[in-house]
Each structure stands twice: as C-alpha cells, then as structure tokens.
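The values are calculated or read from the model by the stated rules, or taken from the named source; none is laboratory data. Everything numeric in this text was worked out from a predicted model, so none of it was measured. All Cβ positions, glycine included, derive from the backbone under ideal geometry; neighbour counts span all protein chains shown. Note: areas computed on protein heavy atoms with side chains; ligands, DNA, RNA excluded. Shrake-Rupley method; radii C 1.70, N 1.55, O 1.52, S 1.80 Å.
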There are 4 protein chains.
Amino acid sequence: MPRTSEQFKEVREKSKEHIIKTALYLFAERGFYSTSISMIAKEAGIAKGALYHYFDSKEDLLKAIIEMGMGKMGHAMEVLFSNVAPMEKLEGMVRTTVALIEDDPLTWKLMIALTMQQHPSETMKEIVAPLEKKGTEFFFQMFKDLNIPHPEEEGYVLAAILDGLAMHLIFKGEDHYPVERVVNHVLDRYRSMVKK
Amino acid sequence: MPRTSEQFKEVREKSKEHIIKTALYLFAERGFYSTSISMIAKEAGIAKGALYHYFDSKEDLLKAIIEMGMGKMGHAMEVLFSNVAPMEKLEGMVRTTVALIEDDPLTWKLMIALTMQQHPSETMKEIVAPLEKKGTEFFFQMFKDLNIPHPEEEGYVLAAILDGLAMHLIFKGEDHYPVERVVNHVLDRYRSMVKK
Amino acid sequence: MPRTSEQFKEVREKSKEHIIKTALYLFAERGFYSTSISMIAKEAGIAKGALYHYFDSKEDLLKAIIEMGMGKMGHAMEVLFSNVAPMEKLEGMVRTTVALIEDDPLTWKLMIALTMQQHPSETMKEIVAPLEKKGTEFFFQMFKDLNIPHPEEEGYVLAAILDGLAMHLIFKGEDHYPVERVVNHVLDRYRSMVKK
Amino acid sequence: MPRTSEQFKEVREKSKEHIIKTALYLFAERGFYSTSISMIAKEAGIAKGALYHYFDSKEDLLKAIIEMGMGKMGHAMEVLFSNVAPMEKLEGMVRTTVALIEDDPLTWKLMIALTMQQHPSETMKEIVAPLEKKGTEFFFQMFKDLNIPHPEEEGYVLAAILDGLAMHLIFKGEDHYPVERVVNHVLDRYRSMVKK
DNA sequence: CATGAATGAGATTTCATTCAT
DNA sequence: CATGAATGAAATCTCATTCAT
C-alpha cells in the first residue's frame, strides 16, 4: 500500500528540518568549512546520500539554513516598522533583537560568522547589506522623530551598540552576559535624552 | 663567519614577513579555508616548498599572522594603561582602536573573522578572551574614576560600541563610514556626562 | 480467475513497453551512462521502485531494449534470406536496412553507440559479431550469384557502405541526408555491373 | 639544488604524455564512463592526485586526448588539400585515412565511440561536424574534377565507404580485416570509372 | 635553501538499488 | 504492485604536506 503523497510530504519535511537543525548546530559550533557532510550525516543519524535528497549541495544546505533564519527575523522585525510611538519603536527594536538572539543563538552565531568571513556565496551579502542600510535609515528617522540632537550620528552609535551587544551576547552566552542590565541602561539613556 | 649568519637571518626574516603579508591579504579577503597554500605561494612569487621552510604548516602561518597583529595592538594599548587622566584614557582608547584599524584593516578583518568562526586552533580564543576581560575591567575602572553613574553597565555599552564600530568600519571601509563624526559624537557624550 | 491473471499480464506488458520506450529515448539521446534510473522513472511518470518490478537492473532494462530492437530487425531480415532473385536480394537488403533505420532511428542510434563504446555487458558483442559475419557471407554469396567480379571485396565494400550510410543517416537525420538519392545511386551501380 | 625550469618542463611533459597514453588506452578499451580516475592512476603507476596536476578534470583529460589525436590527423590531411592531381588526391585520401588508423587505432576507436554516444561535452561535435562538411565538399569537387557522373552522390558513397571501412578496421583489427584488398578494390573501381 | 612534482587522506557528490509503508 | 525515502559503495576532486633533485 503506497503512502499518500501527504504522508510523504510530511516525512520529507521532518527529515529536512532534522538535517537543517543538525547542520545549523554543527556549522555554528565548528564553522562551515570545518564541518563535513559526513559529520552532519553521522550526527543526524542518516547516510550521507540521504542528505542529497534534500539539498543539492553543502552550499544549498547552508542557504536553506540562512533562509530559515532570515524568515524568522524578517517576521519579527516587520512589527517594528508599523505605527507605534517612536520611543516604543526604539525599545521594540532593541528588545526584539535580544529576544531573537536568545531564542535562536545558533542561527545568529552562524549568520555573524558567515558575514565576517568572506564566504564565496553571495547569499549573506545580498541579505545583510540591504538589511543594514534599512536599519540605519530607520534609526535615523526614529531619532529625528524623538527630537534627539545629532540623529544621524546617534543612529550609527545605536547600530554599533546593537551589533556589539549581539556579538557579546552570542559568544559569551546569556549566562555570562548581563543583557538585561545593559539593555535597560541603554534604553534609560535614550529616555533621559527625550525627557529633557 | 657570524656576519654571514646574521645576514641569513635578516634575509630569512624578510622572506617570512613577505609571506605573512601575502597570506594576511588573502586570508582576510578570501577567508582562511578558501585560501590554499598554492595561492599564497603563487601570490608571493615563491614555490610551495619554500613556504614550508619558514612555517611548519598553514596553521603555523596563521599563528604567526595573529601574533604579529597582536604585537602591534598590544604595544599601542600599553600606552593607555599608563598614568594619564581618565578622560584622556577614554579618548585614547577609542581613538587608538580606530587608528589601529585604519592603519591595518586586513589584520583586524581576519582577526574578527577568526573569532567569529569557531576556528579549531585555540589561538584566537586564548588571545581574545583575556583581552576582552581586561578591557571590560579597564572600562569599569575608568568610568568609576570619571564618576559616571552605572559604571559597569556603561563599560559594557562602550565595549559594544567599540566592537560594533570596528565591525562597521572594517566591513564598510573608511570611505563609506563616517568614523570621525561617530567617534566625536561618542566622546562628546561622555564629556557631557562628566561635566555634569 | 484466469481472466484476471491474463489481464494482469497484459497490463504488465504495457507498462514494460512504456518503460522500454522511455528508456530507449533517453539512452539514445543522452547516452546510457548519462541517463539515470531517476530520469527514466520521472520521464515515464512512474516511481523509481516500480521500475524494479519490471526490470532487475539498469543493465537488464538495456538488455530488454536491445532484444526488442533485434527482434524487429531479425524479422525484417529473415525475408531476405528466402528464395528471391539475387538482385532483388541486394535491393531488399539495402532498402530494408534504410527502412528499418527510418522506422526506428532511436534503437539504431543506441545500438551503434553501444557497439562502439566498449560496453561491459556482453550483449552487444554476442549479438553483433555473428550478425556481421553472417552478413558478410551473405554478401559474398550474393555477388557470386550475380557474377560480379571480386565478389569478396565487393562484399566488404557493400558492408562498409551500408554501415557508413547507416551512421550518416542516423546522426544527421533523414531531413539532412539525401538517403533516397544515395541508395538509388548505389543500386544503379550494381545494376550496371550486372548488365555488362 | 633546484632543477632548472627546463628540467621541470621536461618531466612535466613526460608525465603528461604518459597519463594521456594510459588514459587513451583505457578509454578506448573500456569506454570513457567505465574507466575511473583511480583505474587510470593505478595503470599509470601514479597517485590519483597527480593526475589533477596535469588535467583539471576527467573531462579535461579527455579533451587533451582528443586534441592530440586531432592534431595528428589534421596535419596528415592538410597534405591532401594541396595541389595534386585529382586521382592522386582520391588515392591519398583513402590511403591516408587507413594509414592513420593503423598507426593509432586507439585514438580512432575512442573518437568514433565518443561521436556515436551523446557525450555531453561539445568537443566532439564541434570538431567532427565541420570536418565532415569539409570532407563531403572535398569529395564532391574531386569527383567533378574527375568527370565522374553523379559526383555528389558518389561523394556521399565514398564518405560512407570510408567511415564504414574505418569502423570495420578499428573494431576487427587489421589482422582480421583485409584492408589492403578492400582499399585496392575501391580505388580500382574509381580508376576504371575515370578511364572510360 | 628552492623547486614543483607527487602523495594520500579526506571531502563532496552521484546513483543503482533496497525497503518500510 | 506503487511509492519515494534511504542506503552505501564508489566516483570525482581538493589540497596540505613531503621529497627527490
């Protein structure tokens, strides 16, 4: 009795996700180039060949991981671009970033690593560059709306803070980094600037 | 013939430096794993075998690059830990960091990339972790000396700013990033906090 | 229920033929080694597994294709070995060869390709070698019957002409090759030799 | 003491030729797809990797073999297009073809096999198609010069004879095929046509 | 010390075949 | 009988490292 195509689809989706998770873990912990297809297959408990049912190549697997990560992020960020008061936007921006990282630090670790190293695939650059540009413009507008002096420079600083914070959080782990306190401090500072 | 031996040493040192520079360039621009020994040899205009006269392995070459980079940095930073007024320390810290990057962006690019990816060699972690710890403590003490409230949190924020700034500067290039304005803005902010 | 069993057999035969046709097409157009079982299954609109219900292996499938092709040919050729006048035999030989190719160029394309490349399977050699020998002898006898001088050499030449013609016809296609004119010319030549 | 670059070149050329010869032998005897790089390396008495010093890929190796073969052929054929009497041209054409095959049957075996099977590489088609066209035109002109009736058809027939002859000679081997007699017979026939 | 040819372990990839459902 | 997910052997290819000259 043949399985229905739905059953197949389900099995396929499960396997795909399982492989992605395993690969994400290994890529993030050991680096893309130091992780072999063999390792991923072994860790996932499947044969090497099975991996190629789901992904055309190691590169394609990486792309799938990136896309999945970006999907999550894009979704979360969209909320922020909606109509809320500027100060809430700022707070949302910062807290959402932190929440995303804490929710899925592996994806972020990998993402940052790929951006930093000159990975041949264009995927990362294509994704990160426009995102960053959008972010900078967003910050600029936000600070202008908040009537904070030197909104452009302040935007650059916030971008630096967020990226630096992300790096530290990811590579130290939330157990060793007082995110909450740092975030609150940053936000307090902006609040005090607005009140004035 | 001690003279000859010295000359030999000098020539050897020159060759070593030439290889290091070439390798640094390639590692930074293309990534460590995507750069082969063949490439380095060809780019440096020497034979593959010659490279192994100077370095035991690809890993050893990387280590030499890192050590050279760290040497420069350590030297520059030492000045800051000497007896100068806190505010000058802060300014020195920020400006020295930027100056170091602008002076040798390739080393930094590579350094950051290696730190981010989980390079098997322990070199980077061994070097970066204590440095970061020292930095954090240094910032903490500095802000305390400056009587700035919440010196610990402020220290974390400054660390984040510096790392974020470094990242942006390195990956965008100084032509596309208004370092000077951003740095001045950051320093002005601390100055205003002190005056109060 | 013998009826059912018969119906089964018929359905089975239909499926088999469908697969054979699909595989023949792909093998001929893309080559045996460059055509995967997956491709055949997909092109035939069945699952990979199903293919193995009908054929034990890729090799077995190839064998079935060859046998089917040979069946057709053998049947057509048999007629020629019957009792007809030598000149009609000659004409029949040539025209039948051309007709067979025009009727089923794919089979021939594949056949020739397999004969030329040293396919590991013995099938082709087992089939082609005796056929060729029989052909040569047949030609020899024919030309002797026709009282044409040097019947043996003439036999070799005719064999060469037929194989060369077949090759050109198959690889250029009948639209780009003036078969009719060439065949008539060849036959005319033999006719003029006989009349003399 | 480093070898001079000339010495290196020499060694390199020798190795390259050795590999080409080994690969040609195996490709011709077993087929391109049924011959693995491992086999070639083992047969040549070298390591797999060495092969990739000389050829970028299996395909590239094949290309080198083809080019070498074509080089020989082109050179030999050029002579024929020069100014000699038509009948000598014809004889030269036929005898040169046979001589080339007898001199290097492996190359020809491989060449024919590749032309017949639909090898993905365009190399063969690019080479063979124009060659064939040139050949056909050459024959046509030759028969016209010889005042032989139906020169075009006769050209097609000669092309068929030559290709058929080549096939038979190559796949039976000169020990089992009376080339000399067949060739003489063919030429005699043309001579008798001219005299008339 | 210099050279680049050669090695060989290991990486990625392919694909005929099997098998649980 | 049908399905396509999974296997695993083998193929192609890469590249840090060694070594004869």
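A compact table of results
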item	result
Packing rank of A:60-70, B:5-15, where each peptide gets the mean count of other beta carbons within 10 Å, highest leading	A:60-70, B:5-15
Shortest-first nm distances, B:Glu29 label point to equivalent points in other copies (7 Å, Cα→Cβ)	3.6, 4.6, 4.8
With DNA, RNA and ligands ignored, accessible area of A:Ser192 (1.4 Å probe; Å², nearest 10)	60 Å²
Accessible heavy-atom area order of A:Ile37, C:Ile161, highest first, probe of 1.4 Å	A:Ile37, C:Ile161
For the protein assembly as shown, calculated [θ]222 nm from helices alone, where every DSSP H run of n ≥ 4 adds -39500 (n - 2.57)	-26500 deg cm²/dmol
Sequence-separation-based contact order of chain A, relative, with Cα cut under 8 Å and 6+ spacing, percent	19 percent
Volume of the Cα convex hull of chain C, divided per residue and given in Å³	140 Å³
Residue among D:Phe8, D:Ile148, D:Ser57 farthest towards the positive dipole end of chain D, charges placed on Cβ	D:Phe8
Whole-Å distance, taken between Cα centres, linking the range A:107-162 and the range D:113-180	67 Å
Degrees, to the nearest 10: C:2-30 long Cα axis against longest axis of chain C	60 degrees
Mean-position separation - Cα centroids, the range A:59-96 and the range C:66-94, in angstrom	75 Å
Principal-axis tilt of helix C:151-172 within chain C, Cα atoms, nearest 10 degrees	40 degrees
Helix D:123-145 axis, angle to chain D major axis (alpha carbon atoms, nearest 10°)	20 degrees
Cα-derived Rg to Rh of the protein assembly as shown, Kirkwood definition	1.15
Pseudo-label separations to other copies for B:Gln7 - Cα-to-Cβ vector, 7 Å, nm	2.5, 8.4, 10.1
Cα-only Debye scattering, the range C:1-55: base-10 log of I(q)/I(0) at q = 0.13, 0.24, 0.28 Å⁻¹	-0.35, -0.88, -1.08
Unit charges on C-beta of K, R, D, E only; dipole of the range A:65-195, Debye	220 debye
Which of D:Lys72, D:Lys21 is most accessible, then next, and so on - probe 1.4 Å	D:Lys21, D:Lys72
Chain pair C, D: total accessible area buried, heavy atoms, 1.4 Å probe, Å²	3300 Å²
For residues of B:148-157, the mean tally of beta carbons on other chains within 10 Å	5
Peptide A:179-191, shielding by other chains (average Cβ, 10 Å cutoff)	3
Within 10 Å of each Cβ in D:106-116, the average number of Cβ atoms from other chains	4
Protection-proxy order for peptides A:90-98, C:41-49, each taking the mean of Cβ atoms within 10 Å per residue, highest first	A:90-98, C:41-49
Solvent-accessible ranking of D:Phe140, D:Phe55, largest area first, probe 1.4 Å	D:Phe140, D:Phe55
Shortest-first nm distances, A:Asp103 label point to equivalent points in other copies (7 Å, Cα→Cβ)	4.4, 6.9, 7.5
Cα-Cα over 26 Å, subset of B:Lys42/B:Lys63; A:Lys58/D:Lys16; A:Lys58/A:Lys134	A:Lys58/D:Lys16; A:Lys58/A:Lys134
Reachable aspartates and glutamates, given that their alpha-carbon falls under 16 Å from the alpha-carbon of A:Lys72 and they are not under 8 places away in the same chain	A:Glu17, A:Glu102, A:Asp103, A:Asp104
In order through the range A:83-88: 3J(HN,Hα) via Karplus (6.51 cos²θ - 1.76 cosθ + 1.60), integer Hz, x for Gly, Pro	7, 10, 4, x, 5, 5
